[in-house]
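Have a look at the structure below, then the notes.
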Protein chains: 2
Amino acid sequence: MISVILLGTGNVSTHLLNAFNSADNVRITQVYGRNESALKRIAKDIPYTRNLEDLKKADVYILAISDDQISTVANHIQANSGLVVHTSGTQPITALKNHIRRGIFYPLQTFSSGAKIDFSKIPICIEATSEKDYELLEKLAKTISKNAYRLDSEKRKKLHLAAVFVNNFSNHLYHLGEEICLANDLPFEILYPLIEETALKIQTTRPIDAQTGPARRNDQHTINQQLKQLTGVPLELYSLFTASIKKNYE
Amino acid sequence: MISVILLGTGNVSTHLLNAFNSADNVRITQVYGRNESALKRIAKDIPYTRNLEDLKKADVYILAISDDQISTVANHIQANSGLVVHTSGTQPITALKNHIRRGIFYPLQTFSSGAKIDFSKIPICIEATSEKDYELLEKLAKTISKNAYRLDSEKRKKLHLAAVFVNNFSNHLYHLGEEICLANDLPFEILYPLIEETALKIQTTRPIDAQTGPARRNDQHTINQQLKQLTGVPLELYSLFTASIKKNYE
């Protein structure tokens, strides 16, 4: 049984709490947060505290808090010889440098409040400073997910950068697609099956082979027609994507 | 029973043929194409021809061919008082102007050879010049899909433009994500669950509300760190997306 103290009351913390609560061989013994109503809402039956000095003893302390809080909180906690980890994609392991036993437990997913998440497929990226701690984190990851990956801070940073492209930027393209629909009295739902298939297709076909559309076909007539319908950022993005896609298939 | 003649041997034609073949109340009576081996492969038991003058009589003639061929082929066929439609997202209905009974049957999806497609969820966008022909196309669409939409040529063009953003450009972002992974010895598969969840999330949360990431948080430190890791098109795209996302949440 691995005992865990969760620090944070945001989306990552809430989803981790729910996942660990349904898992075997792990027990959340305490939750820390600053906001009492958030604590009550997410902790339910689990003891919680708003005071960092009241942290109990646990095998692993998970800091699921915003990037800019990690060092401050890490500097204020007594880990009682436990392992201290954070869940950030971008912060280095050295953000926890005042703890001898430190590590990373980064679940690579987009977490929203409310949305149900199946943790079993979520990749959990792990780093530690000793093999023993790595094994502990791997064991912890395996209680909720089938996919644990060992990544050092440098690689995790690159992975987070790739994630910004495929997640944050794709989502913004969906937003722009919705804007075009709204402006033309088209239901955005009409695009759901296309968006879904596009995202699933790359699991069987490499994106470079799955590419379709006017830029891929070098269909300059359609490209010119579409450019005429756009202004502002969508126009600039259209031109940049079109040039970049064309270059791949020259 | 609606009788259909399919013109074309590409991905759209192949997927339509398979869908109609498994459907009730519709029969493909002939397939036309220029390439004999492609015809043999896709037509199987259905009669086929390479000669436009040998087209039989049918209720609907579906031109599932490339945009630049539509007018030429339409001008060369005798539709025997049948309804002539094309499957393009961008070409107007007037591309078929030498046929009195003309229409559009545009399945909004990304079709690849090989990939199995569940047609039942694919939106089929329909246009016709008479109510009777519209009803015929709607009946035809309903044999393979639950989602038929009535869209005129102008709206279909806008929908296709939105599709370019959410499909073609998202796929290119996946390609750039894979490039970052490859350059850093990271398995691209690690991003599959994130890509999938991002695409599915917008069915329950509007993209503007689902947006996460450094630009959304206005986390300039992470943005600067990430910009330093990029060159060329990815750098330009990163800057443009970041500015555009920021603007939405100012």
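Points to keep in mind about this one:
- Residue among A:LEU159, A:LEU200, A:LEU176, A:LEU237 that is at the interface with another protein chain (Cβ under 7 Å from one of its Cβ atoms), without any contact (Cβ under 8 Å) to a residue 24 or more places away in the chain and among the hydrophobic types (A, V, I, L, M, F, W, C): A:LEU200
- Evaluation of B:PHE165 against (1) over 17 Å from the mean Cα position of the chain (by Cα); (2) facing another protein chain (nearest Cβ under 8 Å) (one fails), failing number: (1)
- Candidate set: the range A:222-234, residues that are under 20 Å from A:TYR174 (Cβ atoms), assigned to a helix (DSSP H, G or I) and in contact with a Phe, Trp or Tyr (Cβ under 8 Å, 6 or more places away or on another chain); chosen: the one farthest from the other protein chains (Cβ to nearest Cβ): A:PRO234
- Condition met for A:LEU186 (in a helix (DSSP H, G or I), at pLDDT 95 or above and facing chain B (nearest Cβ under 8 Å)): no
- Within the range A:81-131, the set of residues being of a type in the set (Gly, Ala, Ser) and touching a Lys or Arg at 6+ places or on another chain (Cβ under 9 Å) comprises A:SER81, A:GLY82, A:SER88, A:GLY89, A:ALA95, A:SER112, A:ALA115, A:SER120, A:ALA128, A:SER130.
- Between B:SER81, B:SER120, the distinction of being within 12 Å of chain A (Cβ to nearest Cβ), surrounded by fewer than 21 Cβ atoms within 10 Å (Cβ to Cβ) and either outside any strand (DSSP E or B) or in contact (Cβ under 8 Å) with a residue 24 or more places away in the chain (or both) belongs to B:SER120 only.
- From the list B:ASP67, B:ASP59, the one residue that fits, being acidic (Asp, Glu), touching a residue at least 12 places away in the same chain (Cβ under 8 Å) and within 26 Å of B:HIS172 (Cβ to Cβ), is B:ASP67.
- Once the range A:131-155 is narrowed to residues that are out of contact with any Asp or Glu (no Cβ under 7 Å at 6 or more places or on another chain), crowded, with 16+ Cβ neighbours inside 10 Å and within 11 Å of chain B (Cβ to nearest Cβ), the residue that is farthest from A:SER22 (Cα to Cα) is A:LYS155.
- Residue in the range A:139-146 that is among the hydrophobic types (A, V, I, L, M, F, W, C), assigned to a helix (DSSP H, G or I) and modelled with pLDDT of 95 or more present: yes
- Residues within the range B:31-66 that are at positive phi and assigned to a strand (DSSP E or B), tallied: 0
The values are calculated or read from the model by the stated rules, or taken from the named source; none is laboratory data. All values reported here derive from a predicted model rather than from experimental measurement. All Cβ positions, even for glycine, are placed from backbone atoms using ideal geometry, and neighbour counts span all protein chains on display.
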